[in-house]
1. Looking only at the range 65-81, filter to residues that are among the aromatic types (Phe, Trp, Tyr) and under 15 Å from Asp54 (Cβ atoms); which one of those is modelled with the highest pLDDT?
2. Taking the criterion of being surrounded by fewer than 19 Cβ atoms within 10 Å (Cβ to Cβ), of a type outside the set (Gly, Ala, Ser) and within 15 Å of the chain's Cα centre (by Cα), would at least one residue in the range 57-64 satisfy it?
3. If you scan the range 80-115, which residues turn out to be farther than 17 Å from Ile13 by Cβ and among the basic types (Lys, Arg)?
4. Name the residue that is nearest to the chain's Cα centre (by Cα), counting only residues in the range 5-20 that are under 14 Å from Asn103 (Cβ atoms) and either assigned to a loop (DSSP other than H, G, I, E, B) or of a type in the set (Phe, Trp, Tyr) (or both).
5. Tell me whether the range 93-108 contains one or more residues that are part of a loop (DSSP other than H, G, I, E, B) and not acidic (Asp, Glu).
6. Kindly provide the set of residues from the range 131-149 that are surrounded by fewer than 18 Cβ atoms within 10 Å (Cβ to Cβ), modelled with pLDDT of 70 or more and not β-branched (Val, Ile, Thr), ordered by number.
7. Go through the range 61-87 residue by residue and tally those that are among the hydroxyl-bearing types (Ser, Thr, Tyr) and not in a helix (DSSP H, G or I).
8. Tell me, yes or no, whether the range 120-130 has at least one residue that is modelled with pLDDT of 90 or more, within 11 Å of the chain's Cα centre (by Cα) and part of a helix (DSSP H, G or I).
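The values are calculated or read from the model by the stated rules, or taken from the named source; none is laboratory data. Being a predicted model, the structure only gives us computed values, none of them experimental. Because the Cβ atoms are built from the backbone with ideal geometry, glycine has one as well, and the counts that use them run over all protein chains shown.
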Amino acid sequence: MEGFLSHILKNPIWIEIENWPISWEIGGTAWFPMIESIHVVAISLLLGTVLMVDLRLIGVAARRYSLAQLSEELLPWTWASFWVAVLTGVAMFITRAASHIVNPAFQIKMLLLILAGANMLLLHRLFLTASDKLKQFHAPTNKMKISGTLSLGLWIGITLSGRWIGHII
């Protein structure tokens, strides 16, 4: 496994990506700070919607809303802001792909994103199997509290590691 990971991290493709014309255009012009600003706004919106659902799952906020109603209203915003954050994140990544791929903060952020995605998929699986129940739902179950707390922790970690990417060289 270590040899495979080392091969991926040291692969010359990352240098090739940095040398794409679009990578140079983004990294060497005002595009980068504009894209970074859009990335921060998208993450803020994403975190706001995730926070509301997670706090509802834990049972400390938005208790007058059913989980189904809250999710129905917020999930489109969550997914839209997630995809904007992904696109802008990729645009920033390609400008320094070789350094980012070996950056521990970047690696931690990617791992935490995978874990947050798995947690979200599990939660949606619960939504799908109990959708009628969620319309009447008032008190969070222990599984929902755990999922909401885990999600909050993961997204805090994602945000903090993302901030550290530019500071670890």
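1. Residue satisfying both the conditions and the ranking: Trp77.
2. Within the range 57-64, not a single residue is surrounded by fewer than 19 Cβ atoms within 10 Å (Cβ to Cβ), of a type outside the set (Gly, Ala, Ser) and within 15 Å of the chain's Cα centre (by Cα).
3. Lys109 - this is the single residue of the range 80-115 that is farther than 17 Å from Ile13 by Cβ and among the basic types (Lys, Arg).
4. Trp14
5. Within the range 93-108 (the criterion being part of a loop (DSSP other than H, G, I, E, B) and not acidic (Asp, Glu)), the answer is yes, since at least one residue qualifies.
6. The answer is Ala139, Asn142, Lys143, Lys145.
7. Residues in the range 61-87 being among the hydroxyl-bearing types (Ser, Thr, Tyr) and not in a helix (DSSP H, G or I): 2 in total.
8. Within the range 120-130 (the criterion being modelled with pLDDT of 90 or more, within 11 Å of the chain's Cα centre (by Cα) and part of a helix (DSSP H, G or I)), the answer is no, since none of the residues qualifies.
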